[in-house]
Amino acid sequence: MTNCKKINILLVGLGPHAKRIYFPIIKTSGKNINAKISLIVDLEEKKEDIEKYLLASGEKIDTLYLSPEQKTYDVLTKEIKKILDEKIKKLNINTVFISTEPLAHMVYAKYALSRGLHILMDKPLSTKENISTDVNKAKEIIADYKKLTTLHKKSEKRHGHKIIFNLMAQRRFHPAFIKIKQMIKDVYDSTGCPVTSIQSFHSDGQWRMPEEIIDQNYHPYNQGYGKLSHSGYHSFDLVPWLIDIDGVDYDQIDIVSQPSRPIDFFEQLKINDYEKLFPDYRKTFNRKEKDINSAVKLFGEIDCFSNIAFKHKNKTITLSSINLAHNGFSQRGWTTAAGRDLYKGNGRVRHESHYIEQGPFQAISFISYQGKEVNPNNLNGIYDVGGEYHLDIHVFRNDKFCPKWKNYEKFSVRDLNVNIMEGISRGHQEDARRFCILDFIEQINNPGKTTKSSIVDHKKSILLMSGAYQSMCNNFTGKNPLISINLKK
């Protein structure tokens, strides 16, 4: 980029995700895009860890640590606003990356909009305590979306400039999904046939010990939300983005969701099973089974499988299933997670697949299966099935109908992606996150540039996530789990 304006960034939250993505990307690419992290805001309890990380990185950055009393999910106090305002003015900050616990997304987004700052925010837009059991909380994330989009417009008018507000939805920037979206459009342009079904699956193999489910506060269950608010938003975002084609008009979504909660998980593997599987289990964990079961009654979802119909005038156009699992194939074989990376380590491996049918004309199969934890020192077989970079797309087309089509093609991620990120941050998903960040910075410099991930383009994704949670809540309270959402409201 040339003639870039200076981008001074306030990073809210320097946790495992920001350490793997935002911080190293700005550190390595900052000079080229004239951007730097000028201020980090986090909790006082994270101070020692963050100071150690910054010392090792060689970066000297202003920090602001909030005490337990200052921690908030609702409204920033006048005291915090005053301190932030002073630092923003002193450091000429014009941009904020929000990478906090998702319960805090709204409070920082509203503050940033009130100050006219550009925003790049982690997914999901928001979540709520007990969102998986209280239907009113599930509906609130739609209200949050409407509130932020309204504030966004008002803030632009008040501050007199375009304010870029994007979500970190990196699959929209991933070359494999861009390729798939183009192939769907090509067949639609030739036939007029939309996507008629899409099956989406994501598992990240997060095997947690029973007491970790109660106590762990990173990607927690103990605040009444789980998989959908952790990584599930990516799938709820990807499906409507892939099937969205000019000329195909969806006006309604019907959704039914069935979760598996910690109380179910403990029925699958009981405490006495853990004692047999891990002889040292009782050296680390002490709670009795009845106490564990009593503690988790209102905890968030571990897995959630959703059936969805995208409709037009009450006629089904596209059938979909979005199946999301934390409780899947893992590489964990130890009891304690102490000292381990809870973001991409501790035995976590990703299995992801998408199967798309376009009537009788085209079928597309996306598969990405890891077999082992990410190991930056291992380059052997990383593109093979089970390898760290594995991603294949299989495409079948009806060449009897259209002889110019190839009956079968296969694409590997190595055909589509140039690997840029290195070390613990490497991988094609991480490269896609980098593209998302660079696109955001480029928008700040070129406000007229279109983007794939503006907040205004996430309406269907947020409605889907809310619908899944509403269905889950109704299931929990014994009500009808079928949720119908009008897309035209």
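Among the residues of segment 136-153 satisfying the criterion of being open to solvent by less than 40 Å² (accessible area, probe 1.4 Å) and of a type in the set (V, I, T), which is nearest to Y73 (Cα to Cα)?
Per the criteria, the residue is I141.
Within segment 215-236, can one find any residue that is open to solvent by 20 Å² or more (accessible area, probe 1.4 Å) and part of a helix (DSSP H, G or I)? Yes, that holds for at least one residue. Residues considered: E357, E388, E373. Of these, the only one that is among the charged types (D, E, K, R) and either in a strand (DSSP E or B) or without any contact (Cβ under 8 Å) to a residue 24 or more places away in the chain (or both) is E357.
Has segment 11-21 got any residue that is farther than 17 Å from I98 by Cβ, in a helix (DSSP H, G or I) and not aliphatic (A, V, I, L, M)?
Of segment 11-21, the ones farther than 17 Å from I98 by Cβ are none.
No, every residue in segment 11-21 fails to be farther than 17 Å from I98 by Cβ, in a helix (DSSP H, G or I) and not aliphatic (A, V, I, L, M).
Residues in segment 352-368 include at least one that is of a type in the set (D, E), under 19 Å from the mean Cα position of the chain (by Cα) and surrounded by 15 or more Cβ atoms within 10 Å (Cβ to Cβ). Answer yes if at least one residue in segment 453-464 is more than 30 Å from F299 (Cα to Cα) and open to solvent by 30 Å² or more (accessible area, probe 1.4 Å), and no otherwise. Yes - at least one qualifying residue is present in segment 453-464. Does I292 satisfy being modelled with pLDDT of 95 or more and open to solvent by less than 70 Å² (accessible area, probe 1.4 Å)? So I292 fails the test.
For segment 27-76, the set of residues classified as open to solvent by 60 Å² or more (accessible area, probe 1.4 Å) and within 22 Å of P102 (Cα to Cα) consists of E44, E45, K46, K47, D49, P68, E69, K71, Y73, D74, V75, listed by residue number. Just so you know, in segment 468-489 the residues that are part of a helix (DSSP H, G or I) and touching a helix residue (DSSP H, G or I) at 6+ places or on another chain (Cβ under 8 Å) include one that is surrounded by the most Cβ atoms within 10 Å (Cβ to Cβ), and it is Y469. None of Q199, Q216 is closer than 17 Å to H354 by Cα and either of a type in the set (S, T, N, Q) or modelled with pLDDT of 95 or more (or both) except Q199.
What about Y389, is it modelled with pLDDT under 95 and open to solvent by 10 Å² or more (accessible area, probe 1.4 Å)? Give the derivation first.
Values: modelled with pLDDT under 95: yes; open to solvent by 10 Å² or more (accessible area, probe 1.4 Å): yes.
Spelling it out, Y389 is indeed modelled with pLDDT under 95 and open to solvent by 10 Å² or more (accessible area, probe 1.4 Å).
Total residues in segment 237-252 satisfying the condition of being assigned to a helix (DSSP H, G or I) and either without any contact (Cβ under 8 Å) to a residue 24 or more places away in the chain or open to solvent by 20 Å² or more (accessible area, probe 1.4 Å) (or both): the figure is 1. Given the condition at pLDDT 95 or above, outside any loop (DSSP other than H, G, I, E, B) and within 30 Å of N480 (Cα to Cα), answer yes or no: does some residue in segment 324-334 qualify? Yes - at least one qualifying residue is present in segment 324-334.
Residue by residue, here is whether (1) more than 16 Å from K344 (Cβ to Cβ); (2) of a type outside the set (D, E, K, R); (3) in a loop (DSSP other than H, G, I, E, B) holds:
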site: I367; (1), (2), (3): yes, yes, no
site: N377; (1), (2), (3): no, yes, yes
site: N380; (1), (2), (3): yes, yes, yes
site: D384; (1), (2), (3): yes, no, yes
site: F401; (1), (2), (3): yes, yes, yes
site: K410; (1), (2), (3): yes, no, no
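Scanning segment 341-351 for residues that are surrounded by fewer than 21 Cβ atoms within 10 Å (Cβ to Cβ) and either at pLDDT below 95 or charged (D, E, K, R) (or both) returns D341, L342, Y343, K344, G345, G347, R350.
Listed here are the residues, each with its yes/no results for (1) under 25 Å from N323 (Cβ atoms); (2) at pLDDT 95 or above.
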| position | (1), (2) |
| --- | --- |
| K400 | no, yes |
| F411 | yes, yes |
| E422 | no, no |
| S425 | no, no |
| E430 | yes, no |
| F440 | no, yes |
| K449 | no, no |
| K460 | yes, yes |
| L463 | yes, yes |
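Check whether at least one residue in segment 55-77 is among the acidic types (D, E), more than 19 Å from Y22 (Cα to Cα) and at pLDDT 95 or above, and report yes or no.
Start the filter on segment 55-77 by keeping residues that are among the acidic types (D, E), which leaves 59, 62, 69, 74.
From what's left, more than 19 Å from Y22 (Cα to Cα): 69, 74.
Remaining after also requiring at pLDDT 95 or above: none.
No: zero hits.
Within segment 459-478, residues that are under 14 Å from T127 (Cα atoms) sit with their Cβ atoms under 6 Å from residues that are open to solvent by less than 10 Å² (accessible area, probe 1.4 Å) and acidic (D, E), at 6+ positions apart or across chains, in these pairs: S461/D237.
Out of the residues in segment 89-104 that are aliphatic (A, V, I, L, M) and part of a helix (DSSP H, G or I), which is farthest from Q216 (Cα to Cα)? Steps first, please.
Within segment 89-104, the first condition is being aliphatic (A, V, I, L, M), and the residues that meet it are 91, 93, 96, 98, 103-104.
Now narrow it down to the ones that are part of a helix (DSSP H, G or I): 103-104.
On the way: L103: 16, A104: 18 Å.
Out of the qualifying residues, it is A104.
Name the residue, out of E129, E79, E156, that is without any contact (Cβ under 8 Å) to a residue 40 or more places away in the chain and open to solvent by 70 Å² or more (accessible area, probe 1.4 Å). Step through it out loud before you land on a result.
Working: E129 fails: without any contact (Cβ under 8 Å) to a residue 40 or more places away in the chain; E156 fails: open to solvent by 70 Å² or more (accessible area, probe 1.4 Å).
Every option except E79 fails the conditions.
When V256 is tested against (1) within 23 Å of the chain's Cα centre (by Cα); (2) within 30 Å of G192 (Cβ to Cβ); (3) open to solvent by 60 Å² or more (accessible area, probe 1.4 Å), just one condition goes unmet, and that condition is (3).
Among the criteria (1) open to solvent by less than 20 Å² (accessible area, probe 1.4 Å); (2) more than 30 Å from R282 (Cβ to Cβ), the one G205 does not fulfil is (2). Selection of segment 261-289 for residues being open to solvent by 20 Å² or more (accessible area, probe 1.4 Å) and under 30 Å from T318 (Cβ atoms) yields only D264.
Which one of these is part of a loop (DSSP other than H, G, I, E, B) and aliphatic (A, V, I, L, M): I142, I83, I119, I131? Write out each step before concluding.
Working: I142 fails: part of a loop (DSSP other than H, G, I, E, B); I83 fails: part of a loop (DSSP other than H, G, I, E, B); I119 fails: part of a loop (DSSP other than H, G, I, E, B).
Selected residue: I131, the only one of I142, I83, I119, I131 that is part of a loop (DSSP other than H, G, I, E, B) and aliphatic (A, V, I, L, M).
The values are calculated or read from the model by the stated rules, or taken from the named source; none is laboratory data. Note that the structure is a prediction, hence the values are computed from the model and not measured. Glycine gets a Cβ as well: all are built from the backbone with ideal geometry, and neighbour counts include every protein chain shown. In case anyone asks, the SASA skips ligands and DNA or RNA and just uses the protein heavy atoms, side chains included. Shrake-Rupley method; radii C 1.70, N 1.55, O 1.52, S 1.80 Å.
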